[in-house]
Structures are given as C-alpha cells and as structure tokens.
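Working notes, structure below.
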Amino acid sequence: MRANDIRSSFLKYFEQNGHRVVPSSPLVPADDPTLLFTNAGMNQFKDVFLGREKRDYTRATTAQKVMRVSGKHNDLDNVGPSHRHHTYFEMLGNFSFGDYFKKDALRYAWGLLIDGWRMDPNRLIVSVFKGEHGIPRDDEAYAIWRDLGVPPDRILELGEDDNFWQMGDTGPCGRCSEIYYVRGGSGHDPEIEIWNNVFMEFERTSDGVLKPLPAPSIDTGMGFERITAVLQNKESNYDTDIFTPLLSEIGAMAGVAYRGSMEPSDISMRVVADHIRSTTFLIADGVIPSNEFRGYVLRKIMRRAMRHGKHLGFTEPFMHALVKVLDREMGDAYPEVRRNREMVEKTILAEEHRFEAVLRDGLPRLETELAKVSGTKSKVLSGEVAFRLYDTFGVPYEFIEDTAATQGVTIDKAGYDAAMEAQRDKARAGSAFAAKKAEGWTLPVEEPFDLGVGDVFEGYSTTRVSGVPIVALFDDARQPVETLAAGARGYAALAKTPFYLEAGGQVSDSGRIVNEASGASAAVEGLARIRQGFPRAHRIHVASGELRVRDLVTADVDAEVRNATRRNHTATHLLHAALRSVLGPHVKQAGSLVAPDRLRFDFVHFQPVTREELDRIERIVNEQITRNTAVTTEVRSTQEAIAAGAMALFGEKYGEKVRVVSVPGFSVELCGGTHVSATGDIGFFVVVAESGVAAGVRRIEAFTGAGAVAWAQQQRAALAAVVDALRVPAEQAVDSIDKLHAEAKRLSRDLSQLKTKMAMGGSAADAGGETVDVGGVTLARRHVADLDKDALRNLADSLKAKIKSGVVVLASENDGKVQIVVAVTPDLTQRVKAGQVVKEIAPIVGGGGGGRPDFAEAGGRQPEKIDEMLAAAEGVVKRLVGAGG
C-alpha cells in the first residue's frame with residue numbers, strides 16, 4: 001500500500017466502526033497556552049476528555065499533524081542521523097469519549113492490524129502496565145489480550161515509564177497498552193513500537209494527585225511514518241513513499257543520489273526532507289519565522305535545513321522549490337498546503353534570502369572573533385561570544401563550529417549551552433507569564449459545579465435582553481457568592497446574553513445589567529470564560545442596589561459602541577479581501593484587533609506596502625462600502641464552508657459548525673463576530689498607518705465611520721496650518737519644506753565649520769585646550785562645546801594635519817553628555833593606539849568606548865570631569881610612549 005492508502009484505510013476502518021472522521025487541528029493550539037505546538041492526537045480533544053466540552057459524537061478518528069521540537073518531546077538533534085526520528089509527523093488515532101473502553105479499543109486495534117492490514121500476528125508483541133507507584137497492575141488489559149489469542153510470552157509487563165501516558169505535567173492521563181512489531185533479519189530496530197492504546201482514566205492535578213475522569217475514555221496513537229515503514233517492509237522511514245518523492249527532488253536539484261547510508265550527504269538529505277515538511281506545515285498553519293516563541297523554533301528548523309543544503313552544494317535558495325512536492329503528495333489529505341502554497345513558498349524564499357544576508361553579515365564577525373583567539377595559547381572561542389554570534393547575527397552554532405575547526409579553534413560548548421539555557425529561561429518566563437495571563441481569564445471554579453444552562457448568545461440579533469435570570473455570581477476573587485452589593489466588583493453569569501465575549505480579535509462588549517424591579521444596576525466592563533460550555537461571565541461593577549442570584553435582569557449592550565465595533569469588524573473583512581486583490585493571494589491574516597475606536601490587521605507579506613498600493617486598497621474598500629451590499633450570515637459545516645472557499649483565520653478554533661459571513665461577490669470568511677447588515681453602514685474607511693511587526697508580517701491600522709471622518713478633518717486642519725505657516729499654496733508646500741531643510745543643513749554645516757575654526761585658533765585658554773610635548777610626542781587636547789560627532793571628527797582631522805605627528809584628544813559636552821574622540825597620526829600607531837587611550841580615559845567621565853589604532857570614540861555621562869580626563873590623557877600617552885619606545 002502507498003502511504004496515502006494507509007492513512008485513508010485507517011480512517012475508513014474506524015469510520016465504519018462508528019467513529020467521526022475529524023480533520024487534523026492546526027499545529028498551533030488554539031486555546032492552550034501551555035503548549036508550544038500540537039504534540040499529540042488528543043490535544044484537540046483535551047476539554048472533551050475533561051468533561052468541559054460536549055460534542056455531538058462520542059467516537060472520533062483523526063490523522064493529526066504533530067510537531068515535537070520542545071520540552072521532553074524534542075527530536076530535532078536526532079533528525080538526520082536517525083532513520084525514524086522527525087520534527088513533524090502524523091499521528092493516526094481513534095478516540096472514545098465515555099463510550100467504549102479497553103475491550104473494544106484493543107479489539108479494534110487487533111482487527112485492523114490482523115484482518116485489515118494482514119499483518120503476521122507472530123510478528124506482534126503487546127505490553128500492559130505491571131503496577132507501580134501505587135497504581136495497580138492492568139489485569140483487565142492482560143485478560144483482553146489473552147482473549148484475543150496473544151500468548152503469555154508475547155505480553156510484556158512494563159512500568160510507568162513505558163505504560164503510563166500523560167500529555168504533560170498536568171491533564172488527562174492513564175495506563176496504556178502498546179503494540180510492537182518485530183522485524184525480520186538483523187535490522188537496527190528489531191522491535192519497534194507501532195501503536196499506543198491509552199486508557200484515559202485520570203486527570204493529574206498541579207499537585208500530582210490523580211483524579212478519576214468523569215467517564216473512562218480511549219486515546220490511541222500510531223505513528224504514521226512508522227506504520228508505513230512496517231507495511232512497506234522498509235527499515236527506514238525515509239525509504240517509504242512519504243519521503244522518497246522529496247529525496248528524489250532534493251537529489252535531482254543537488255546532483256546527489258540518496259543511498260540511505262550514514263554518509264554526510266545522506267544525513268543532510270534526511271534533514272532537508274524532514275525540515276521542509278515541518279516548515280511547510282507550520283507556515284501553512286500561520287507561523288512566521290521570527291526571533292520569538294513559535295517563530296523562533298521555525299526559524300531554527302529552517303536554518304538547520306539551509307545549513308545542510310550548503311553541505312549538499314546549494315549556493316542559491318532551494319527550499320521553497322520543494323513545496324510543490326508536498327502539495328502534490330499531501331495536498332489532498334491536507335488542503336491547507338494546497339490552499340496556502342504560494343504564501344508558503346514566498347515565506348520560505350524570503351527567509352532563505354534573509355539567511356544569505358545573515359551569512360554575509362555574520363561570517364565576517366565570526367572571522368574577527370576567531371582571529372582574536374587563534375593566536376592565543378588555548379585557542380578557545382568563549383561560549384558567550386559564540387552564542388552572541390548566533391543570537392544577534394543568526395550564525396548557526398554548527399557554522400561557528402565548522403569554521404572554527406578550520407583554524408584550529410574550539411568552542412566553549414558548555415558556555416554556549418549555558419547562555420542558550422539562560423535565554424530559554426527568559427523565554428519560558430515570558431511564556432509562563434502569557435499562560436498565567438490567559439488563565440487569569442478563566443474562573444477557577446472546581447467540580448462539582450453546574451449552572452444548569454449553557455452559553456446562549458443572543459447578540460447577533462439584539463443588543464438588549466430582558467427578564468433573564470442571573471444563574472451565578474462571583475466576587476472579585478472569582479469565588480461563587482449569592483449577592484454583590486453596591487460598590488462591589490465581580491462577575492455575573494446569565495441564562496442568556498447579548499454581550500459579545502472577546503474572540504477573533506473583536507473586543508468584548510460593554511454596557512449595563514439592570515434589575516428594573518429593585519433598581520439595582522451594574523456596569524459591564526468586560527467578559528470572561530468560566531469554562532467551555534458554561535455561560536459567559538460578565539465582569540461587573542455594581543453601581544447601585546444589590547444583585548442576587550436568581551434575580552431577573554435586563555442585559556443592555558452599549559449600542560453605540562457595538563455599532564462602532566461592528567463597522568470595524570466588517571471593514572477588516574473588506575480590507576483582507578482588498579489586500580489579497582492588490583498584493584496577491586499569499587496574503588493571510590496573522591492577527592487582528594477589532595475595537596470600537598479602531599481596527600488593526602496583521603497579515604503575511606514580505607515587503608512594505610507602497611503608498612500607491614495603500615491608495616488602491618483604500619479605494620477598493622470604499623467602493624465596496626458605497627455599493628451598500630447586504631452582509632449575509634449562515635451556519636454551515638466547517639469542512640463544507642472551507643471547501644467552498646471561506647477564509648479560515650489563523651489562531652481560531654472552529655467546531656463542527658461555523659458561522660460564515662459574506663459580502664457576496666467579494667469576501668467570504670468564517671467568523672463568529674458581529675457585523676453590519678450592509679457595507680454602507682461602515683460609512684467611510686481610511687488607512688492611517690502601515691508598518692512591519694515581524695519578519696514577513698505587516699500591519700495596517702485604520703478607522704471607519706465617524707472616527708475616519710474625524711481623522712480626515714484633523715489631517716486637513718494640520719495641512720492647512722502647515723500651508724498657513726509656509727505662506728504658500730498647498731501644492732507648493734513640499735517644495736517649500738525641502739528648501740527649508742536644505743537651508744537648515746547649510747546653516748548647520750556653516751556653524752559646525754565656524755565652531756571648528758574657533759576650536760583650532762586662539763590661545764590655549766580661548767580654545768579650551770593646549771598642545772604639549774609628551775616624551776617627544778605632540779599631544780593636542782581640546783575641551784570644546786556643542787560639537788557633534790561629525791564636527792569632532794573634522795576637528796580631529798584638522799588638528800592631525802596641523803601637528804603632522806602626534807596624538808589628538810578631544811572632548812565635547814552636548815546636552816549633558818560627553819563625546820570623546822582620540823586620533824593618532826599613522827607614524828605613531830605602533831606605539832600609541834587610539835583605542836587603548838580611549839579605553840583608559842573614558843571611565844573618568846563615566847563612560848566607555850573603543851576603536852582602531854588610529855581613531856577611537858567614546859561617550860560619557862559626567863561632563864564636569866572633562867578637564868580631569870584631558871589632564872589624565874597626558875599620563876596615559878606618556879606611559880604608552882615609554883612602553884613603545
């Protein structure tokens with residue numbers, strides 16, 4: 001069977017056994033700040049296992065995209081030397097949410113392997129949990145395997161390390177039963193794990209306690225690449241047709257044949273083949289190479305592949321050309337690759353060009369650092385320097401190590417690792433803060449807790465709901481209470497609500513909750529999620545009276561603010577479509593903010609948007625507004641909507657059904673936000689800013705409606721004020737300003753020259769300095785005022801020319817800061833080095849600096865000590881002259 005047939009037959013088998021085929025979730029977890037990437041098939045079902053989310057099916061099967069490049073699941077360094085390790089791979093799985101348990105799970109697994117795929121049962125070994133650390137032996141699983149005909153000598157009993165599974169330090173977990181395949185012959189891996197059946201029985205809390213789950217469930221995982229290698233009778237995953245098309249293309253491009261060996265070229269080809277898969281799927285799921293968080297990991301993977309590309313002889317960008325192979329081979333199973341192919345290719349190509357620039361700029365710095373240590377006795381480059389070259393200039397450690405070896409220099413790897421770990425600690429701290437911040441919006445209500453109603457949102461059709469009961473109140477510490485009195489802050493959960501909860505970039509609504517019978521009133525300042533499936537909690541400040549659980553209240557959204565937000569949200573949809581029309585289909589949303597006063601839209605693009613392009617985009621959006629097209633919404637199945645061309649946005653979690661918002665003939669997006677009824681309601685759209693926020697990500701900020709009118713009027717007023725001040729017609733304003741700039745530059749240059757002449761002439765007292773003989777060397781020193789760097793350099797050159805041979809030391813005070821210049825004539829640089837002089841005298845004025853033997857600069861913070869520093873310069877020069885002579 002081909003790999004695609006194996007994947008489809010797995011899904012079809014479980015579909016025939018009552019399982020819902022659920023599409024793979026993105027590699028970026030939508031609602032889990034504890035995860036860097038999706039690292040297991042069960043990630044998207046976590047809340048279902050915990051009983052926090054209900055779905056309309058109790059059995060599911062998936063082929064899930066997985067990344068394992070961080071924490072305990074980090075296979076990055078093994079990729080290449082290993083024949084079966086990957087950063088990106090697929091996890092085949094079947095799941096039961098309180099439906100079937102161990103007996104059916106093991107029966108299904110055995111049935112597929114033996115009856116479906118015709119595997120030899122004599123080649124299979126299974127394992128069960130032997131009992132350890134207070135968790136009992138899995139007698140039930142052992143008995144089931146015996147009933148299925150597995151002999152005792154083919155049932156292993158293993159401990160917690162092998163047969164107890166958990167997603168992380170906390171969360172769903174349980175005993176498991178693994179299935180191993182025994183290879184024939186003398187392969188490297190005579191026994192290989194192919195399928196893990198996890199019996200989800202517990203939730204591990206933060207204090208390590210195992211709590212029974214609401215209903216025992218099943219979570220299984222089978223590595224797609226491994227089972228394909230077994231079924232295709234290949235010892236290496238890279239010999240299967242998952243990888244051979246990629247390896248063939250890489251070989252054809254590099255002029256190197258893949259032989260499956262441990263030779264350097266084969267290792268490099270495996271690295272490239274694996275990493276282009278990770279790269280393609282991460283970018284298709286919205287991750288952009290950067291120096292932070294997920295983008296940092298992606299960039300590291302890409303540059304590792306590019307480094308191995310250099311080993312294969314590539315001198316030009318090559319990775320982007322491999323995406324077409326993945327489109328051809330995997331585009332049917334994962335349509336996001338085909339849908340986003342152009343964007344993926346452009347993102348990769350931009351990063352390849354950036355890497356070339358890194359090598360062009362970083363390698364000379366590496367050569368400089370190596371030159372400093374190559375003449376030393378130890379010939380060791382410090383780990384901190386190596387890490388700085390990597391972290392600041394992007395030079396990969398392997399490049400540093402390889403280049404150093406050619407010069408007989410070794411790297412302090414321990415120091416490098418320590419510096420890297422310090423950065424990771426910092427990143428983890430930031431990640432922990434982000435997770436803490438996210439968790440702060442989740443009310444920590446423990447089981448048992450049931451509000452009796454779900455999350456009923458009425459806000460699509462109204463901004464006011466009356467006679468609705470308060471089903472729960474929470475104090476400011478987010479603990480359940482019966483009442484909230486005047487002046488108190490807390491949270492109120494209602495049986496239904498018109499208030500929107502922040503999602504998809506749109507901010508939460510504000511407004512009031514009023515008990516018209518008692519006169520109690522509270523301002524709604526925001527909303528929070530209690531947990532999946534529960535009613536949203538309104539963050540309130542009680543203004544008067546007392547709110548009580550079971551009160552009937554009116555929930556009233558601030559309609560004016562809501563309308564402004566709706567205008568901005570629909571405008572983001574028009575802007576997205578206009579961007580794709582003007583800039584190209586590679587444009588993809590990378591983030592947004594939809595607030596009542598403004599909108600912000602981040603998108604994938606690889607260069608600044610020109611003024612002419614912005615004008616076209618603005619015109620297109622306003623044309624759609626003037627057409628006053630009705631905005632339509634409908635609820636459709638997610639897959640049907642995406643297949644019909646609806647844009648699915650990065651970072652959003654979609655269920656089985658989605659809301660599709662359309663501007664017919666122009667824009668179709670999956671969106672749960674609130675929108676205007678017709679595009680004309682937006683009124684007026686204006687782009688106010690365009691900027692870059694990360695590599696390959698641009699940002700547009702815009703106003704709509706009254707905000708756009710106010711901005712335009714402010715711009716007009718500002719232009720009128722400029723024209724009035726210039727006393728010229730508006731069309732001549734730019735020319736007039738250019739002339740003023742030119743005149744200002746000329747006057748500044750004349751003033752600088754005049755100050756330089758003054759510093760050169762007159763007596764020592766007038767010039768603020770003196771020229772003295774120090775051991776036969778002329779020292780010219782000056783304390784001057786208000787000279788900038790350029791003027792100081794010019795003065796130094798003039799003094800060098802005047803004294804012909806000697807040392808010049810200049811200091812200028814400007815805005816409370818000290819600027820120092822030291823210059824040495826060419827005939828003296830072997831005896832007196834400018835960099836050494838400046839390093840010794842700059843600390844006197846609270847500063848530091850350095851430079852070349854003939855010229856050096858420094859800064860300082862204590863201008864009152866300039867004369868002291870100039871006096872000290874004589875002693876420094878005298879000592880250096882003595883040392884040199």
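The values are calculated or read from the model by the stated rules, or taken from the named source; none is laboratory data. Bear in mind that the values here come from a model prediction, so they are computed numbers and not experimental data. Note: ideal-geometry Cβ built from the backbone for every residue, glycine included; neighbour counts use all protein chains shown. Heads up: the accessible areas ignore ligands, DNA and RNA and are worked out on the full protein's heavy atoms, side chains in. Shrake-Rupley method; radii C 1.70, N 1.55, O 1.52, S 1.80 Å.
With the structure loaded, tell me whether Arg580 is buried (at least 22 other Cβ atoms within 10 Å of the Cβ), part of a helix (DSSP H, G or I) and of a type in the set (Lys, Arg) or whether it fails that test.
Numbers: buried (at least 22 other Cβ atoms within 10 Å of the Cβ): no; part of a helix (DSSP H, G or I): yes; of a type in the set (Lys, Arg): yes.
For Arg580, the condition - buried (at least 22 other Cβ atoms within 10 Å of the Cβ), part of a helix (DSSP H, G or I) and of a type in the set (Lys, Arg) - is not met.
Looking only at the range 656-671, decide whether some residue is at pLDDT 95 or above, open to solvent by less than 30 Å² (accessible area, probe 1.4 Å), assigned to a loop (DSSP other than H, G, I, E, B) and on the phi < 0 side of the Ramachandran plot.
Scanning the range 656-671 turns up no residue that is at pLDDT 95 or above, open to solvent by less than 30 Å² (accessible area, probe 1.4 Å), assigned to a loop (DSSP other than H, G, I, E, B) and on the phi < 0 side of the Ramachandran plot.
Could you list, ordered by first residue, the pairs with Cβ atoms under 7 Å in which the first is in the range 701-713 and in a strand (DSSP E or B) and the second is open to solvent by 30 Å² or more (accessible area, probe 1.4 Å) and basic (Lys, Arg), at least 6 apart or interchain?
Glu701/Arg598; Glu701/Arg600; Phe703/Arg598; Thr704/Arg567
Among the numbered criteria (1) on the phi > 0 side of the Ramachandran plot; (2) more than 40 Å from the chain's Cα centre (by Cα), which single criterion is violated by Asp104?
(1)
Filtering the range 407-427 down to residues that are in a helix (DSSP H, G or I), touching a helix residue (DSSP H, G or I) at 6+ places or on another chain (Cβ under 8 Å) and charged (D, E, K, R), which residue is least open to solvent (accessible area, probe 1.4 Å)? I'd like the intermediate steps shown before the answer.
The initial filter retains those residues of the range 407-427 that are in a helix (DSSP H, G or I), namely 413-427.
Imposing the further condition that a residue be touching a helix residue (DSSP H, G or I) at 6+ places or on another chain (Cβ under 8 Å) reduces the set to 413-420, 423, 427.
Keeping just the survivors that are charged (D, E, K, R) gives 413, 417.
Values: Lys413: 86, Asp417: 68 Å².
Residue satisfying both the conditions and the ranking: Asp417.
From the list Glu249, Glu235, Glu201, Glu225, pick out the single residue that is among the charged types (D, E, K, R), farther than 24 Å from Tyr100 by Cα and open to solvent by less than 40 Å² (accessible area, probe 1.4 Å). Steps first, answer last, please.
Numbers: Glu249 fails: open to solvent by less than 40 Å² (accessible area, probe 1.4 Å); Glu235 fails: open to solvent by less than 40 Å² (accessible area, probe 1.4 Å); Glu201 fails: farther than 24 Å from Tyr100 by Cα.
Answer to the check: Glu225.
Quick one: how many residues across the range 498-523 are over 33 Å from the mean Cα position of the chain (by Cα) and in a strand (DSSP E or B)?
The number of residues fulfilling the criteria is 9.
So, Leu870, is that one in a strand (DSSP E or B) and buried (at least 23 other Cβ atoms within 10 Å of the Cβ) or not?
Values: in a strand (DSSP E or B): no; buried (at least 23 other Cβ atoms within 10 Å of the Cβ): yes.
No: the conditions fail for Leu870.
Among the residues of the range 386-399, are any among the charged types (D, E, K, R), under 22 Å from Met306 (Cα atoms), over 20 Å from the mean Cα position of the chain (by Cα) and modelled with pLDDT under 90?
Looking through the range 386-399, at least one residue is among the charged types (D, E, K, R), under 22 Å from Met306 (Cα atoms), over 20 Å from the mean Cα position of the chain (by Cα) and modelled with pLDDT under 90.
Looking at the range 92-130 only, could you name the residues that are farther than 14 Å from Ser9 by Cα, of a type in the set (Val, Ile, Thr) and open to solvent by 20 Å² or more (accessible area, probe 1.4 Å)? Walk me through how you get there before you give the answer.
At the first step, the residues of the range 92-130 found to be farther than 14 Å from Ser9 by Cα are 95-107, 110, 119-130.
Checking the rest, the ones that are also of a type in the set (Val, Ile, Thr) come to 125-126, 128.
Passing the criteria: only Ile125.
Which one of the conditions (1) within 24 Å of Ile642 (Cα to Cα); (2) over 31 Å from the mean Cα position of the chain (by Cα) does Pro23 fail to meet, given that it meets all the rest?
(2)
Need pairs with beta-carbon distance below 6 Å; first residue of a type in the set (S, T, N, Q) and within the range 277-302, second assigned to a helix (DSSP H, G or I) and modelled with pLDDT of 90 or more; sequence gap 6+ or separate chains.
Qualifying pairs under 6 Å: Ser278/Ile301; Thr279/Met302; Thr280/Val323; Thr280/Leu326; Thr280/Val344.
Just the residues that are in a helix (DSSP H, G or I), among the hydroxyl-bearing types (Ser, Thr, Tyr) and over 32 Å from the mean Cα position of the chain (by Cα), please, taken from the range 618-638.
First, the residues of the range 618-638 that are in a helix (DSSP H, G or I): 618-627, 638.
Cutting the leftovers down to among the hydroxyl-bearing types (Ser, Thr, Tyr) gives us 626, 638.
Residue satisfying the conditions is Thr626 alone.
Looking only at residues in the range 508-531 that are among the hydrophobic types (A, V, I, L, M, F, W, C) and surrounded by fewer than 20 Cβ atoms within 10 Å (Cβ to Cβ), which one is farthest from Ala564 (Cα to Cα)?
Start the filter on the range 508-531 by keeping residues that are among the hydrophobic types (A, V, I, L, M, F, W, C), which leaves 513-514, 517, 520, 522-524, 527-528, 530.
Adding the requirement that they be surrounded by fewer than 20 Cβ atoms within 10 Å (Cβ to Cβ) leaves 517, 523, 528.
Details: Ala517: 31, Ala523: 19, Ala528: 22 Å.
Restricting to residues being among the hydrophobic types (A, V, I, L, M, F, W, C) and surrounded by fewer than 20 Cβ atoms within 10 Å (Cβ to Cβ), the top hit is Ala517.
Which of the residues belonging to the range 474-485 are among the small types (Gly, Ala, Ser) and modelled with pLDDT under 95?
The first filter runs over the range 474-485 and keeps only residues among the small types (Gly, Ala, Ser), leaving 477, 485.
Listed by number, the list holds a single entry, Ala477.
From the list Leu828, Leu880, Leu787, pick out the single residue that is within 23 Å of Thr756 (Cα to Cα), crowded, with 16+ Cβ neighbours inside 10 Å and not acidic (Asp, Glu).
On the way: Leu828 fails: within 23 Å of Thr756 (Cα to Cα); Leu880 fails: within 23 Å of Thr756 (Cα to Cα).
Every option except Leu787 fails the conditions.
Going by the conditions given, is Arg52 touching a Lys or Arg at 6+ places or on another chain (Cβ under 6 Å), of a type in the set (D, E, K, R) and not in a helix (DSSP H, G or I)?
Here the answer is yes, as Arg52 does meet what is asked.
Considering only the range 258-273, I want to know if a residue exists there that is more than 21 Å from Thr347 (Cα to Cα), open to solvent by less than 20 Å² (accessible area, probe 1.4 Å) and of a type in the set (A, V, I, L, M, F, W, C). Working first, answer last.
Of the residues in the range 258-273, the ones more than 21 Å from Thr347 (Cα to Cα) are 258-270.
Those still in the list that are open to solvent by less than 20 Å² (accessible area, probe 1.4 Å) too: 266, 268-270.
Still in the list and also of a type in the set (A, V, I, L, M, F, W, C): 269.
The answer is yes, given that some residue of the range 258-273 is more than 21 Å from Thr347 (Cα to Cα), open to solvent by less than 20 Å² (accessible area, probe 1.4 Å) and of a type in the set (A, V, I, L, M, F, W, C).
If a residue must be part of a loop (DSSP other than H, G, I, E, B) and not small (Gly, Ala, Ser), how many such residues does the range 201-249 contain? Show your work before the answer.
Residues of the range 201-249 part of a loop (DSSP other than H, G, I, E, B): 205-209, 232-236, 240-243.
Among the residues that remain, those that are also not small (Gly, Ala, Ser) are: 205, 207, 209, 232-235, 240-243.
Counting residues in the range 201-249 that are part of a loop (DSSP other than H, G, I, E, B) and not small (Gly, Ala, Ser) gives 11.
Give the residue that is most open to solvent (accessible area, probe 1.4 Å), with candidates limited to residues of the range 721-731 that are assigned to a helix (DSSP H, G or I) and out of contact with any helix residue (DSSP H, G or I) (no Cβ under 8 Å at 6 or more places or on another chain).
Initially, the range 721-731 is screened for residues assigned to a helix (DSSP H, G or I), giving 721-726, 730-731.
Cutting the leftovers down to out of contact with any helix residue (DSSP H, G or I) (no Cβ under 8 Å at 6 or more places or on another chain) gives us 721, 724-725, 731.
Details: Ala721: 60, Asp724: 111, Ala725: 75, Glu731: 144 Å².
Filtering first and then ranking leaves Glu731.
Are any residues in the range 796-806 touching a residue at least 40 places away in the same chain (Cβ under 8 Å) and open to solvent by less than 80 Å² (accessible area, probe 1.4 Å), and if so, which ones?
Restricting attention to the range 796-806, the residues satisfying the condition of being touching a residue at least 40 places away in the same chain (Cβ under 8 Å) are 796, 798, 802.
Hits for the range 796-806 are Ala796, Ser798.
May I ask you to list the residues in the range 611-655 that are polar (S, T, N, Q) and either modelled with pLDDT of 95 or more or open to solvent by 50 Å² or more (accessible area, probe 1.4 Å) (or both)? Can you show your working first?
First, the residues of the range 611-655 that are polar (S, T, N, Q): 622, 624, 626, 628-629, 632-633, 637-639.
Asn622, Gln624, Thr626, Asn628, Thr629, Thr632, Thr633, Gln639 - these are the residues of the range 611-655 that are polar (S, T, N, Q) and either modelled with pLDDT of 95 or more or open to solvent by 50 Å² or more (accessible area, probe 1.4 Å) (or both).
Counting only residues that are farther than 18 Å from Arg303 by Cα, assigned to a helix (DSSP H, G or I) and open to solvent by less than 20 Å² (accessible area, probe 1.4 Å), how many does the range 343-399 have?
Narrowing the range 343-399 to residues farther than 18 Å from Arg303 by Cα: 343, 364-365, 367-385.
Keeping just the survivors that are assigned to a helix (DSSP H, G or I) gives 343, 364-365, 367-374, 383-385.
Add one more test, that the residue is open to solvent by less than 20 Å² (accessible area, probe 1.4 Å), and what stays is 343, 370, 383.
The number of residues fulfilling the criteria is 3.
Of everything in the range 305-336, what is in a helix (DSSP H, G or I), of a type outside the set (A, V, I, L, M, F, W, C) and either within 19 Å of Phe37 (Cα to Cα) or open to solvent by less than 30 Å² (accessible area, probe 1.4 Å) (or both)? Give them in sequence order.
Step one: of the range 305-336, the residues in a helix (DSSP H, G or I) are 305-311, 319-330, 335-336.
With of a type outside the set (A, V, I, L, M, F, W, C) added as a condition, the list becomes 307-311, 320, 324, 327-329, 335-336.
Selection gives Arg307, His308, Gly309, Asp327, Glu336.
Which members of the range 856-867 meet the condition of being open to solvent by 50 Å² or more (accessible area, probe 1.4 Å) and in a helix (DSSP H, G or I)? Give the derivation first.
To start, the set of residues in the range 856-867 that are open to solvent by 50 Å² or more (accessible area, probe 1.4 Å) comprises 861-862, 864-865, 867.
Within the range 856-867, Glu864, Lys865, Asp867 qualify.
Looking at (1) over 29 Å from the mean Cα position of the chain (by Cα); (2) in a helix (DSSP H, G or I); (3) surrounded by fewer than 19 Cβ atoms within 10 Å (Cβ to Cβ), can you tell me which one Ala404 breaks?
Evaluating Ala404 over (1) over 29 Å from the mean Cα position of the chain (by Cα); (2) in a helix (DSSP H, G or I); (3) surrounded by fewer than 19 Cβ atoms within 10 Å (Cβ to Cβ) leaves (3) as the failure.
Being part of a loop (DSSP other than H, G, I, E, B), open to solvent by less than 70 Å² (accessible area, probe 1.4 Å) and modelled with pLDDT under 95 is the filter here, so list the residues in the range 584-610 that pass it.
Looking only at the range 584-610, we keep the residues that are part of a loop (DSSP other than H, G, I, E, B), and these are 584-588, 595-598, 605-610.
Narrowing the set further to residues that are open to solvent by less than 70 Å² (accessible area, probe 1.4 Å) leaves 584, 586-588, 595-596, 605-606, 609-610.
Of everything in the range 584-610, those that are part of a loop (DSSP other than H, G, I, E, B), open to solvent by less than 70 Å² (accessible area, probe 1.4 Å) and modelled with pLDDT under 95 turn out to be Gly584, His586, Val587, Lys588, His605, Phe606.
In the range 550-576, how many residues are in a helix (DSSP H, G or I) and open to solvent by less than 20 Å² (accessible area, probe 1.4 Å)? Write out each step before concluding.
Of the residues in the range 550-576, the ones in a helix (DSSP H, G or I) are 559-576.
Restricting the remaining residues to those that are open to solvent by less than 20 Å² (accessible area, probe 1.4 Å) gives 562, 564-565, 568-576.
Selection size over the range 550-576: 12.
Filter the range 278-296 down to the residues that are part of a loop (DSSP other than H, G, I, E, B) and either over 19 Å from Ser25 (Cα atoms) or of a type in the set (A, V, I, L, M, F, W, C) (or both), then identify the one that is most open to solvent (accessible area, probe 1.4 Å). Write out each step before concluding.
Going through the range 278-296, the residues part of a loop (DSSP other than H, G, I, E, B) turn out to be 285-292.
Now narrow it down to the ones that are either over 19 Å from Ser25 (Cα atoms) or of a type in the set (A, V, I, L, M, F, W, C) (or both): 287-292.
Numbers: Val287: 7, Ile288: 20, Pro289: 3, Ser290: 22, Asn291: 107, Glu292: 137 Å².
So, considering only residues that are part of a loop (DSSP other than H, G, I, E, B) and either over 19 Å from Ser25 (Cα atoms) or of a type in the set (A, V, I, L, M, F, W, C) (or both), the one most open to solvent (accessible area, probe 1.4 Å) is Glu292.
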